[in-house]
Amino acid sequence: LFFRTTRDVSLTEAGRILLARGKFLVNDLAQAVSDAQRAAEGRSGRLRLAYMSFAATKLMPDIVRRYTALYPEIALEISYLSTTAQKRAILRDEIDAGFLLGPLDDPSLDSIALTREGLRLVMRSDHPLAHRATITMQDVASCQLVLGNANEWDFFRALIDKPFAKKGLKLNITYEASNTMGILGLVAGGLGQTIYVDSITRIQPEGLVSRSISDCDASITTALAWRRGHQTPIIRNLIAAARANLS
């Protein structure tokens, strides 16, 4: 590797090759250590995140904005899925976490509750109930309702059926739609009214109004959920961002 004389030491060709390769190896090792450290801290990698309609208006965007500001190197994939579909996708490792409706009673999932919202009746501004100071569950039961279809909105439909059933009331569902915009479009077109959560006030189209249902104490919880025992550094950072958003 070396030419040696009594006055000097120099590299042979073999020595020069080894030195050049050695520099690359040291640099590669340093980069590998840095990459591993960032991954261990949840600062690099991929996060597959899902959300349902109620999280889309403010909760999910606020948390994603906070999270991406802290971890800009994360490759974030966001998709819409219903609550039931999210549960399946988490357990199948198709997504890492999701904003879905709670409460969760699945022992395979962990979650934190993020918001709790009441129910409101949404209607056109020219509807007779729009001018009432108080809306009751009996008033809602008398309406022709537009709700999310039973396949996509099954969890929500079950949640809102319970308080009405306890009062001996049955909801009169005349139309169904698969998403919020479809529901609101049918309501705006005069085809009925709908039941939604408080956050509807953020996206309420012109010409529609909403009123809280005074005698309904039911509430809808939105939670962040992930697979139990699979709280990776990336998910821990997401949970921290979600908790920080609550303060």
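The values are calculated or read from the model by the stated rules, or taken from the named source; none is laboratory data. If you're wondering where the values come from, they're calculated on a predicted model, not measured in any experiment. A quick note on method: Cβ atoms are made from the backbone with ideal geometry, for glycine too, and the neighbour counts reach across all protein chains shown. For the accessible areas, the whole protein counts, side chains as well, though only heavy atoms, and no ligand, DNA or RNA atoms are used. Shrake-Rupley method; radii C 1.70, N 1.55, O 1.52, S 1.80 Å.
By definition, a body whose alpha carbon gyration tensor gives a ≥ b ≥ c is prolate when a/c is 1.5 or more and a/b is larger than b/c, and the range 33-140 fits this prolate description. Nearest 5 is fine: what % of DSSP beta bridges in the chain come out antiparallel, could you say? Bridges in the chain that DSSP calls antiparallel: roughly 60 percent.
Short-range pairs are left out: with C-alpha atoms under 8 Å and at least six residues apart, the relative contact order of the chain is 28 percent. Taking the C-alpha atoms only, the angle from helix 233-246 to the longest principal axis of the chain is near 40 degrees.
Taking only protein heavy atoms into account and a 1.4 Å probe, give the accessible area per residue of the chain in Å².
Values: 13320 Å² over 247 residues.
Ligands and nucleic acids excluded, the figure is 54 Å² per residue.
Per-residue accessible area (protein heavy atoms, 1.4 Å probe) orders Arg236, Arg120 as Arg236, Arg120, starting from the largest. Carbon and sulfur atoms: what percent of the 1.4 Å accessible area of the chain do they account for? The nonpolar share, carbon plus sulfur, comes to 52 percent. Between Asn151, Ala165, Ile95, the Cα set farthest toward the positive side of the dipole of the chain (charges on each charged residue's Cβ, about the Cα centre) is that of Ile95.
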